[in-house]
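Read through the structure below, which is laid out as C-alpha cells, and then see the notes.
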Amino acid sequence: MSEWQAVCGEQQLAEGEFQVVWDGDNAIAVYRTTEGWFAVEDVCTHDGAELAGGAVHGCVVECPRHGARFDLRTGAALCAPAYEPIHVFPLKIEAGVVYVRDDRED
Ligand code: FES
C-alpha cells in the first residue's frame with residue numbers, strides 16, 4: 001500500500017484554495033472547499049491540462065484550458081469537452097496536518 005504524504009497544515013489553506021503535491025511524476029491537487037477537503041488527479045481527462053489554478057465553485061473545478069468541469073467529491077466530469085472522470089485520492093487530517101495517498105497502484 002502506498003504511503004501517506006503530508007500536504008500542508010489544516011490552517012494553511014482557506015476555502016477555495018488549493019495546494020499541489022507530487023508523488024513521483026504524478027501531481028495531486030488538494031482543495032479546501034466549502035464542503036471539506038478533496039484530493040484529485042491534477043490532469044484534465046480532455047487534453048491533459050493542469051486543473052490546479054482553474055476556477056473553483058463550491059466543490060467544482062473548471063479546467064482553465066477549455067472549460068470542462070469536474071466534481072471534486074467524486075471526480076465526475078460534469079460537462080463537455082471532458083467525459084471521463086478524474087481520480088479522487090484518499091485524504092485524511094491528523095493532528096492538524098492534511099495527508100493524501102496515491103492508491104492507484106494498491
Ligand atoms: S484540457 Fe481540460 S477541457 Fe480541454
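Quick notes on this one:
- Looking only at the stretch 6-26, and only at residues there that are surrounded by fewer than 16 Cβ atoms within 10 Å (Cβ to Cβ) and aliphatic (A, V, I, L, M), the one that is nearest to Glu94 (Cα to Cα): Ala6
- Answer residue from the stretch 67-106, given it is within 22 Å of Trp4 (Cβ to Cβ) and among the acidic types (Asp, Glu) and is nearest to the ligand (Cβ to nearest atom) among those: Asp102
- Answer from Glu41, Glu15, Glu35, Glu62 - the residue that is touching a residue at least 24 places away in the same chain (Cβ under 8 Å) and over 16 Å from His87 (Cβ atoms): Glu35
- Only residues that are surrounded by fewer than 15 Cβ atoms within 10 Å (Cβ to Cβ) and not hydrophobic (A, V, I, L, M, F, W, C) were counted across the stretch 68-79, and they come to 1.
- Among the candidates Ala6, Ala29, the residue that is within 16 Å of the ligand (Cβ to nearest atom), in contact with a strand residue (DSSP E or B) (Cβ under 6 Å, 6 or more places away or on another chain) and touching a residue at least 12 places away in the same chain (Cβ under 8 Å) is uniquely Ala29.
- Subset of the stretch 39-66 that is in contact with a Lys or Arg (Cβ under 6 Å, 6 or more places away or on another chain) and either assigned to a strand (DSSP E or B) or within 20 Å of Pro90 (Cβ to Cβ) (or both) - its residue that is farthest from the ligand (Cβ to nearest atom): Cys59
No lab work stands behind these numbers, since they all come straight from the coordinates. Note that the structure is a prediction, hence the values are computed from the model and not measured. Don't worry about glycine lacking a Cβ; one is built from the backbone with ideal geometry, like all the others, and counts go over all protein chains shown.
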